[in-house]
Amino acid sequence: MALAGETKRVVSQFEFSDVHVNEHVEEFLAQMKEGLENDGTNLSQIPTYVTGVPNGTEKGLYLAVDLGGTNFRVCSIMLNGDTTFNLTYNKVAIPKALMIAKTAKELFAFLAKQIELFLREHHADRFESHVRRRATASTPMGYRDEHIFRLGFTFSFPVKQLGINKGHLIRWTKGFDIPDAIGKDVCRLLQDEIDDLSLPVKVAALVNDTVGTLMARSYTSTGKHRSLLGGIFGTGTNGAYIEKTANIKKPIQGEYDTSTGEMVINTEWGSFDNQLKVLSSTPWDKTLDAESVNPGFQMFEKRVSGMFLGEIVRLAVVDMIKKDDIALFRDVNSSFNDRHTTTSIRPNSSIFKTWGLDSAIMSVAAADNTPELWSIRQELENSLDIYAPSLEDAQAFKAISDAVARRAARLSAVAIGAVALQSGKVGDPNEGVIDVGVDGSLVEHYPFFRDMIYEALAVIKGIGPEGAAKIRIGIAKDGSGVGAALIALIAARQE
Ligand code: ADP
């Protein structure tokens with residue numbers, strides 16, 4: 001009884017009612033507008049200089065590279081013009097020494113070399129003929145413009161973007177540390193090394209992964225509906241959407257194509273409501289924030305994305321384990337007992353280690369609706385070294401895990417719903433479908449995550465069940481491949 005009662009008490013703290021959903025949407029819209037007007041706001045609302053989205057008819061062969069962390073990926077993408085594409089790629093680990101090289105040149109020369117190797121391996125025809133032509137060149141650069149590959153560069157580090165293919169590195173993260181590169185244009189750094197190797201490649205676009213997701217979805221989604229929003233729900237969360245340039249009140253530096261009247265905005269919504277005006281905090285949200293590397297920042301992300309959900313569950317469960325009268329994960333017959341405890345948790349269990357619970361186990365918990373909950377009980381043993389958990393233990397774990405995920409899904413609906421409302425498309429009878437592309441393990445693998453989002457969208461004022469039925473959320477794969485290629489194509493049209 002005590003266990004069931006305590007579980008209910010914990011679960012109730014993650015309650016996110018319909019009223020909460022609406023309060024949050026209102027605040028989200030206000031913070032979106034603030035970000036369009038000023039710098040230094042919660043939602044940064046970064047102009048991306050991408051002024052159009054594809055509709056599936058785009059054609060041609062493009063290159064894309066992705067420098068995100070441990071690996072460097074080079075791909076070529078053949079856009080077939082009928083919403084389909086063929087992608088070829090090479091992936092190479094970045095040598096540790098280059099991540100902390102003395103000069104940016106060392107790293108970028110390595111990247112350019114990988115592009116050369118890729119072209120020689122997969123596009124030898126075009127590459128070799130280019131080399132031959134150069135030898136007898138009459139044109140100034142030794143090659144004709146139509147033979148130059150346009151390349152989209154996905155660079156997942158903080159940059160100040162100043163144009164569609166121009167962005168200054170603000171700082172390195174994820175173990176990279178090359179001070180020489182700070183403040184420099186990363187597209188220029190790559191282009192210089194490409195030029196040193198005389199490759200027929202132009203760095204046409206600097207790509208953020210959410211924008212890539214939006215592009216990939218817009219190209220591949222059937223029915224020729226341009227997508228409105230690309231959202232990532234993986235390790236982190238963020239979204240990019242199409243905004244009317246007239247609504248972007250803060251100055252946009254540099255040049256861009258004004259003909260469409262639109263620009264893709266990278267919201268950086270992970271930082272929604274860092275001041276906690278509307279976001280509420282359970283004791284476990286507070287502990288998580290305090291133990292994080294950036295207390296007080298990314299407060300929305302810390303309640304929504306895969307990196308954090310498991311830790312919230314872990315903190316709540318550990319608090320229950322510590323309460324003697326609750327009797328969670330107790331086993332009087334356990335061989336791990338000592339005089340003082342009757343725990344069924346093995347001493348080396350990662351449940352007691354910060355970040356020790358991967359949110360993937362939450363998917364197992366959500367998927368198991370059988371009376372005996374054997375899948376969860378097995379998974380608790382396999383991944384957390386919790387020996388022979390009882391049905392009551394598994395029920396408690398599942399209830400907490402489900403509650404944390406449900407709150408995350410409803411918060412995700414807040415972001416998606418606010419963007420849909422901001423677009424003005426929900427009530428517009430001329431807008432049949434409002435298409436949203438999403439990517440990330442959470443939305444892809446967590447059972448019913450999208451259903452929970454739809455359920456919350458339907459209670460939002462100004463959307464309702466009818467509006468929610470117009471919103472179509474679909475998986476968009478490979479934003480840093482096909483998405484980046486599409487941005488390179490759009491950029492090339494603007495040259
Ligand atoms: P990234 O966002 O880094 O590109 P992913 O989209 O794969 O990568 O997201 C990884 C995150 O998703 C990790 O935090 C991981 O714990 C979480 N995750 C992985 N699989 C699942 C799953 N089945 N259910 C819920 N979360 C998951």
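Quick look at the numbers
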quantity	calculated
Top-ranked residue of region 360-399 - restricted to ones that are in contact with a helix residue (DSSP H, G or I) (Cβ under 7 Å, 6 or more places away or on another chain) and of a type in the set (S, T, N, Q), ranked as surrounded by the fewest Cβ atoms within 10 Å (Cβ to Cβ)	S375
Which numbered condition K91 fails, given (1) touching a helix residue (DSSP H, G or I) at 6+ places or on another chain (Cβ under 8 Å); (2) exposed (fewer than 15 other Cβ atoms within 10 Å of the Cβ)	(1)
Wholly enclosed strands (runs of 3 or more DSSP E) of region 40-126 bearing at least 2 residues touching a residue at least 40 places away in the same chain (Cβ under 8 Å), of a type in the set (G, A, S) and within 29 Å of I265 (Cα to Cα)	59-67
Among (1) of a type outside the set (D, E, K, R); (2) closer than 20 Å to D192 by Cα; (3) open to solvent by 50 Å² or more (accessible area, probe 1.4 Å); (4) at pLDDT 95 or above - the single one Q114 does not satisfy	(3)
Subset of region 4-34 (residues that are of a type in the set (A, V, I, L, M) and open to solvent by 20 Å² or more (accessible area, probe 1.4 Å))	A4, V11, V19, L29, A30
Residues within region 445-467 that are within 16 Å of the ligand (Cβ to nearest atom), in a helix (DSSP H, G or I) and open to solvent by 70 Å² or more (accessible area, probe 1.4 Å), tallied	3
Residue in region 431-441 that is buried (at least 21 other Cβ atoms within 10 Å of the Cβ), within 16 Å of the ligand (Cβ to nearest atom) and farther than 28 Å from N55 by Cα present	no
Among (1) modelled with pLDDT under 95; (2) farther than 26 Å from E34 by Cβ, the one test that E268 misses	(2)
Among residues of region 268-310, those that are among the charged types (D, E, K, R), within 14 Å of the ligand (Cβ to nearest atom) and without any contact (Cβ under 8 Å) to a residue 40 or more places away in the chain, counted	1
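Yes/no matrix, rows are residues, columns are (1) touching a Pro at 6+ places or on another chain (Cβ under 9 Å); (2) buried (at least 24 other Cβ atoms within 10 Å of the Cβ); (3) of a type in the set (S, T, N, Q); (4) not in a loop (DSSP other than H, G, I, E, B):
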residue: G183; (1), (2), (3), (4): no, no, no, no
residue: D192; (1), (2), (3), (4): no, no, no, yes
residue: A204; (1), (2), (3), (4): no, yes, no, yes
residue: S218; (1), (2), (3), (4): yes, yes, yes, yes
residue: I232; (1), (2), (3), (4): no, yes, no, yes
residue: A240; (1), (2), (3), (4): no, yes, no, yes
residue: A246; (1), (2), (3), (4): no, no, no, yes
residue: Y256; (1), (2), (3), (4): yes, no, no, no
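The values are calculated or read from the model by the stated rules, or taken from the named source; none is laboratory data. Since the structure is predicted, the reported quantities are computational estimates derived from the model, not experimental observations. When we count neighbours, we look across all protein chains shown, and the Cβ atoms used for this are built from the backbone with ideal geometry, even at glycine. Side chains included, ligands, DNA and RNA excluded: accessible areas come from the protein's heavy atoms. Shrake-Rupley method; radii C 1.70, N 1.55, O 1.52, S 1.80 Å.
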